[in-house]
1. Work out, step by step, the length gained on full extension between ALA17 and SER43: first 0.36 nm times the residue separation, then minus their alpha carbon distance; give nm to one decimal.
2. Calculate the dipole size of region 2-65 relative to its Cα centre from +1 charges on Lys and Arg beta carbons and -1 charges on Asp and Glu beta carbons; express the result in debye to the nearest 20.
3. Once label points are set 7 Å from the Cα along Cα→Cβ at both LEU24 and ASP62, what is their separation, rounded to one decimal in nm?
4. Of the labelled options (1) 207; (2) 107; (3) 128, which one gives volume of the Cα convex hull per residue in Å³ as computed for this structure?
5. So how tilted is helix 12-21 from the main axis of the chain? Cα-based, degrees 0 to 90, rounded to 10.
Amino acid sequence: MTANIKMMTVPPQVAEAFGEAKRLTVMERLALAKLLLESVLVSELSEEADWSARGLEAFQKDWDNAEDAIYDNWRDQYGVPAR
């Protein structure tokens, strides 16, 4: 599988790290792979959560404003009885 990866196409520090990783046992390499994958996923999930939080904040500001406050009590405004 690694024969398909050309070390010339990756940055030198990645090639060096890969060379060092080849000396590890299979279990050590699996642990390293897991840590590397988690470091990418956690970063992406954190960034996604940040964008989501920003979107919710913007939505809340737009939704909860003085102009629209009259509609917060829409049943009274339009004479609709509570269920």
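What follows draws every value from the coordinates through simple rules; no lab data is involved. Note that the structure is a prediction, hence the values are computed from the model and not measured. FYI the Cβ positions are ideal-geometry reconstructions off the backbone, even for glycines, and counts take in every protein chain you see.
1. 7.3 nm
2. Charge dipole of region 2-65: 560 debye, to the nearest 20.
3. The answer from the label model is 4.5 nm.
4. After the calculation, the listed value that fits is (1).
5. 70 degrees
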